[in-house]
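Worksheet for the structure shown next.
Please treat every number below as a calculation from the coordinates, not as lab data. Quick caveat: nothing in here was measured; it's all calculated off a predicted structure. Quick reminder, even Gly has a Cβ in these numbers, built from the backbone with ideal geometry, and neighbours come from all protein chains shown.
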């Protein structure tokens, strides 16, 4: 069969079958209380028989909404919490009758800007974005989205100095609590792995520093891994060097991905039992290695709910809002440092 010659069923076809006006059929399909229950039932039954599908594009031409949202993500997202958050956002969008356009920025500010332009052309009703590193160069594009009247919600981090609406975890307090818990268990020489040019990581670093300072423990810059060691090989060399030269008894891993690599390195060197580990989010490898680990769990469901509430809030709030959620500490096995 030639698909080009196949005529899609329309509201007029349903109206003709039931001898109703197109206006009545349209109201029935929208669930209007003005249509009698029996009439609505007949309309829905015939629509199903004919294979009628609502034309959302046509609806958008008559309203100010397209019932779509945009989700912009970098290609590299450590751990499982952010994929979990984005999955929850997508499910919530579907439950509210919205479709989601998911765009990947490939860790490129240029690609991220292109994604924002595309979503604006699609007339999405809101955009949720976890920006790329060094995202300050895209501030003009963020402002363009806001000026167009589209709610823009930053997830987890945002460009410095930009008045943004943000949904995030309390990275500072979460990190400080993790380090304080290590200190309470007798750990004193704690490495920080590793620094990144991302606002959330900088807040975690500050929490780490303040926890040490509050206990009168001098900060050793040699134990703070720089951004330049992000590659696995560099990270391994840096850690092995510190294990040889420093009396290291604890490691604060900035995220789950780093923690998994650290676990693998310590395992090959037989050092799992004498190094206390702390990280954000749960680590699936813990059960495999059977090692003590302190985790700060982010509230993925609450974060996803807040993002959706903000993008569906019409009109968008005039002033930037910040929604901050606390972490929950979980310890897998007690530390028994040798």
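Brief remarks follow.
- Label-to-label distance, residue 104 versus residue 313, with points set 7 angstrom from Cα along the beta-carbon direction: 3.2 nm.
- Result for the chain in a Gaussian network model with C-alpha springs under 10 Å: among 232, 83, 33, the largest mean-square fluctuation is at 33.
- Secondary-structure-derived ellipticity at 222 nm for the chain, considering helices only, amounts to -13500 deg cm²/dmol, per-run term -39500 (n - 2.57) for DSSP H runs with n ≥ 4.
- Whole-number D in µm²/s for the stretch 118-194 (Stokes-Einstein; Kirkwood sum over Cα pairs; 4 °C, 1.567 mPa s): 86
- Theoretical FRET efficiency, 1/(1+(r/R0)^6), r = Cβ-Cβ of residue 267 and residue 299, R0 35 Å, to 0.05: 0.70
- Computed E for residue 189/residue 80 - FRET, C-beta separation, R0 25 angstrom, nearest 0.05: 0.30
- Peptides 130-136, 156-162 ranked from most to least packed by the mean count of surrounding Cβ atoms within 10 Å: 130-136, 156-162.
- Label-to-label distance for residue 48 and residue 221 is 7.1 nm, based on points extended 7 Å past Cα in the beta-carbon direction.
- Length released on extending from residue 19 to residue 96, taking residue separation times 0.36 nm less the Cα-Cα span: 24.5 nm
- Among 48-54, 102-108, sorting by the average number of other beta carbon atoms lying within 10 angstrom of each residue, highest first, gives 102-108, 48-54.
- On a per residue basis, the convex hull of the C-alpha atoms belonging to the stretch 171-299 measures out at 100 Å³.
- A viscosity of 0.890 mPa s and a temperature of 25 °C, combined with the Kirkwood radius over Cα pairs in Stokes-Einstein, give a translational diffusion coefficient for the stretch 3-54 of 222 µm²/s.
- Pairwise FRET efficiency - residue 197 versus residue 144, Cβ, R0 = 30 Å, nearest 0.05: 0.80
- Centroid-to-centroid separation of the stretch 91-157 and the stretch 228-244 [C-alpha atoms, Å]: 35
- Fully extending the segment from residue 274 to residue 38 would add 77.7 nm, taking 0.36 nm per residue of separation and subtracting the current Cα-Cα distance.
- Cα-based Rg / Dmax (Å) for the chain: 25.9, 87
- Peptides 274-282, 194-202 ranked from most to least packed by the mean count of surrounding Cβ atoms within 10 Å: 274-282, 194-202.
- The chain: angle of helix 109-121 to the longest principal axis, Cα-based, in degrees nearest 10: 20
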